[in-house]
Amino acid sequence: MSTQPEWVSEAFRLTRREGVQTLTLVCEVWKQPIGWQLRLVIDGHGLESSAMVYSADLVPIRVAELQALMFERGWH
């Protein structure tokens with residue numbers, strides 16, 4: 001069993017204007033030994049936030065919740 005995280009997929013991609021700049025936020029899904037990690041990354045410059053999900057059935061639910069939260073915060 002691998003102890004290294006494995007990239008699974010990109011769950012969603014959103015953008016937001018800040019002044020003259022357009023930022024891109026990506027939600028990445030990573031498989032961890034204990035579950036799935038949802039990583040929010042802005043412009044590929046590193047981890048902004050992450051959440052662990054311990055059941056495969058809950059991954060799409062948590063992804064939808066994160067996407068709705070990002071919409072509320074001005075991402076499109």
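Structure data summary
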| quantity | calculated |
| --- | --- |
| Which listed residue, of 56, 64, is of a type in the set (Gly, Ala, Ser) and in contact (Cβ under 8 Å) with a residue 12 or more places away in the chain | 56 |
| Selection from the range 13-23 of residues that are exposed (fewer than 15 other Cβ atoms within 10 Å of the Cβ) and either closer than 16 Å to residue 68 by Cα or among the charged types (D, E, K, R) (or both) | 13, 15, 17, 18 |
| Residue ID - nearest to residue 74 (Cα to Cα), chosen from residues in the range 1-12 that are modelled with pLDDT of 95 or more and surrounded by fewer than 13 Cβ atoms within 10 Å (Cβ to Cβ) | 10 |
| Among (1) part of a strand (DSSP E or B); (2) among the polar types (S, T, N, Q); (3) surrounded by fewer than 10 Cβ atoms within 10 Å (Cβ to Cβ), the one test that residue 37 misses | (3) |
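The values are calculated or read from the model by the stated rules, or taken from the named source; none is laboratory data. Predicted model only: the values in this text are computed from it and were never measured. For neighbour counting, all protein chains shown are included, and Cβ atoms are generated from backbone atoms with ideal geometry for every residue, glycine included.
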